[in-house]
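Enquirer: Shown below is the structure under consideration.
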Amino acid sequence: MNTEVTPEKVSVIASEPDPVLGYRSFQFGEFKFTRDAYFVHISWPKGVHTMEVDRFLRAMVRDIGWGFFYGWIFFDDVFGTQNHYGTVDIYAGTYSKGHKETGVDYLETYNTDDVRVAFETISKDWINEGYDPLSAPLETGSPLGAKQQEASGPLIRGFEPARRMLGLAGDVQPRSDETGHPINRAFADLDYDLPDIEAEPGFEDQIHAINLFDHIARADVTWNPSFTSITRACICCVTSEEHMLPVIHGNDRNEWFIQLTDEIHWNIQDKNSGNPRGRIVMKSGDICAMPADIRHQGYSPKRSMLMVLENGTPGLEEKYATGELEPFPITASRW
Ligand SMILES: [Fe+2]
């Protein structure tokens with residue numbers, strides 16, 4: 001469902017802090033959000049849903065940081081958002097066969113900025129110092145228990161588009177020990193040889209090269225783009241992944257994966273029903289095109305490196321939604 005009418009502005013409403021646990025509850029549109037020591041409870045006019053607080057917060061900060069990304073962000077099988085690039089749906093049960101059949105599904109559409117403000121407000125109140133939902137679970141504290149001190153750092157590490165070759169004057173410098181980005185423990189056994197650069201005289205400031213593995217290995221976040229290169233509509237993200245993708249992503253276009261190291265196990269489902277469609281175990285060097293009509297979630301038993309390529313052409317999602325484009329980049333009959 002694409003909305004052409006701009007929705008009314010909606011502001012998030014916060015309650016007084018809970019007298020025992022210290023967290024506020026929030027209302028945004030017809031959705032209500034409360035958390036306790038272990039769980040987040042989401043209610044809407046026709047239903048209520050509960051999920052683990054860790055899962056909720058890891059999904060929510062990425063949804064904010066990714067700008068609601070392409071297509072659908074399922075926090076779990078029931079609750080999530082869909083990006084219409086200007087407006088955002090928040091839904092509960094809309095893409096769950098059981099909820100649909102029972103008639104307790106619910107969806108509201110808001111302006112993107114209103115959702116971002118609401119999600120930031122909720123996340124700030126519910127994230128304590130010492131817990132970073134962007135870090136791998138083994139590398140951060142626990143989100144459980146009563147409210148302590150609100151985290152002071154940035155909620156998200158936003159996208160950082162490369163404007164020139166990484167490391168050239170005028171662009172950001174590659175990560176290094178000096179900038180406080182040590183090699184992650186999982187990549188300590190990799191070789192980090194620097195490339196030879198032989199520029200013709202006069203071109204020394206125009207040609208450069210880095211060891212990309214050295215760069216990705218220093219990422220302090222997981223399932224969040226370590227660096228993003230955007231050339232017109234061609235988007236290339238390299239990331240380090242550990243534990244599970246904290247959301248189930250529903251594609252609205254093809255998505256190309258290149259597994260650079262180690263392995264990721266993917267569960268692939270039908271986007272609308274959640275029915276299983278396939279399983280893929282991607283090992284180092286494997287390349288995969290995820291179709292435009294699926295939702296998927298990855299599991300990385302050990303920290304791994306993944307390159308993701310996407311076509312950001314505006315309106316592409318409509319061509320897939322209407323069937324003008326097939327959901328696969330190549331069909332076998334055309335070979
Ligand atoms: Fe995806």
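Enquirer: Could you give me the ³J(HN,Hα) list for the range 84-99, computed from phi with Karplus coefficients 6.51, -1.76, 1.60 and θ = phi - 60°, whole Hz, x at Gly and Pro?
Expert: 10, 6, x, 10, 9, 7, 10, 10, 9, x, 4, 10, 10, 3, x, 5
Enquirer: Given the options Tyr70, Tyr192, Tyr23, which has the most mean-square fluctuation in a GNM of the chain, springs set between C-alpha atoms less than 10 angstrom apart?
Expert: Looking only at Tyr70, Tyr192, Tyr23, the largest GNM fluctuation is found for Tyr192.
Enquirer: Normalise the Debye intensity by I(0) for the chain, one equal point scatterer per Cα, no solvent, then take log10 at q = 0.06, 0.08, 0.10, 0.11 Å⁻¹ and round to two decimals.
Expert: Reported log10 I(q)/I(0), two decimals: -0.23, -0.41, -0.64, -0.77.
Enquirer: On the protein heavy atoms, probe 1.4 angstrom, tell me the percent of accessible surface of the chain carried by carbon and sulfur. Can you show the working numbers first?
Expert: Working: 8870 of 16320 Å².
Accessible surface attributable to carbon and sulfur in the chain totals 54 percent.
Enquirer: Compare Asp125, Asp191, Asp286 in a GNM of the chain, Cα atoms joined below 10 Å, and give the one with the largest fluctuation.
Expert: Top of the fluctuation ranking is Asp191.
Enquirer: Where a Cα-Cα gap under 18 Å defines reach, which aspartates and glutamates qualify for Lys319, not counting those fewer than 8 residues away within the same chain?
Expert: Glu4, Asp252, Glu255, Asp293, Glu310
Enquirer: Give me the distance between the Cα centres of the range 36-104 and the range 182-253, rounded to whole Å.
Expert: Taking the Cα centre of each part, the range 36-104 and the range 182-253 sit 30 Å apart.
Enquirer: Determine how large the accessible area of Phe31 is when every protein chain is in place; take a 1.4 Å probe and give Å² rounded to the nearest 10.
Expert: 0
Enquirer: Follow-up question, since we're still on this one. I need the trypsin sites (Lys or Arg not before Pro) found in the range 175-271, filtered to DSSP loop residues with at most 10 other beta carbons within 10 Å of theirs.
Expert: Working: sites: Arg175, Arg185, Arg218, Arg232, Arg253, Lys271; in loops: Arg175, Arg218, Arg232, Arg253, Lys271.
Answer in residue order: Arg232.
Enquirer: What are the residues whose amide H is under 5 Å from the amide H of Met244, where those residues sit 5 or more places off or on another chain and H is modelled from the backbone?
Expert: Distant-sequence amide H within range of Met244: Ser300.
Enquirer: If you don't mind, another one. Among Gly285, Ala321, His243, whose Cα lies farthest out toward the positive end of the dipole of the chain, if unit charges sit on the beta carbon of Lys, Arg (+1) and Asp, Glu (-1)?
Expert: With unit charges placed on the Cβ atoms, the residue in question is Ala321.
Enquirer: While we're here: Only Cα pairs within less than 10 Å get springs; with that Gaussian network setup on the chain, which residue of Ile197, Ile122, Ile280 has the largest fluctuation?
Expert: Ile197
Enquirer: Another one. Can you tell me the Rg and Dmax of the range 28-166, counting just the alpha carbons, in angstroms?
Expert: 15.6, 53
Enquirer: Pull up all non-local amide H partners of Phe227: gap of 5 or more, or a different chain, and H-to-H distance under 5 Å with H placed in the peptide plane.
Expert: Val238
Enquirer: Same structure again: Which stretch or stretches of the range 267-306 have amide N atoms under 20 Å from the point lying 7 Å from Thr140's Cα along the Cα→Cβ direction?
Expert: Those under the cut-off are 297-306.
Enquirer: On to the next question. Each residue of the range 118-132 in turn: what ³J(HN,Hα) in whole Hz from Karplus with 6.51, -1.76, 1.60 and θ = phi - 60°, glycine and Pro shown as x?
Expert: So the J values, rounded to whole Hz, are 4, 5, 5, 5, 5, 4, 4, 5, 9, 9, 8, 4, x, 10, 10.
Enquirer: Here is a further query. What is the range 148-307 by shape, rounded, prolate or oblate, if you read a ≥ b ≥ c off the alpha carbon gyration tensor as root eigenvalues and call it rounded for a/c under 1.5, prolate for a/b larger than b/c, and oblate otherwise? List each step's numbers first, then the result.
Expert: On the way: a/c = 1.83, a/b = 1.57, b/c = 1.17.
Here the range 148-307 falls in the prolate category.
Enquirer: Please give the FRET efficiency for Ser152 paired with Thr331, using the beta carbon to beta carbon distance and R0 = 41 Å, rounded to the nearest 0.05.
Expert: On the way: r = 51 Å, r/R0 = 1.25.
Calculated transfer efficiency: 0.20.
Enquirer: In what sequence, largest accessible area first, do His49, His181 appear using a 1.4 Å probe? List each step's numbers first, then the result.
Expert: On the way: His49 30, His181 50 Å².
The ranking, largest first, comes out as His181, His49.
Enquirer: Excluding ligands and nucleic acids, what accessible area in Å² is computed for Val48 using a 1.4 Å probe, to the nearest 10?
Expert: It works out to around 100 Å².
The values are calculated or read from the model by the stated rules, or taken from the named source; none is laboratory data. In this text the structure is predicted, and so the values were computed from the model without any measurement. Virtual Cβ from ideal backbone geometry, glycine too; neighbours counted across all protein chains shown. The area values use the complete protein model at the heavy-atom level, side chains included, leaving out ligands, DNA and RNA. Shrake-Rupley method; radii C 1.70, N 1.55, O 1.52, S 1.80 Å.
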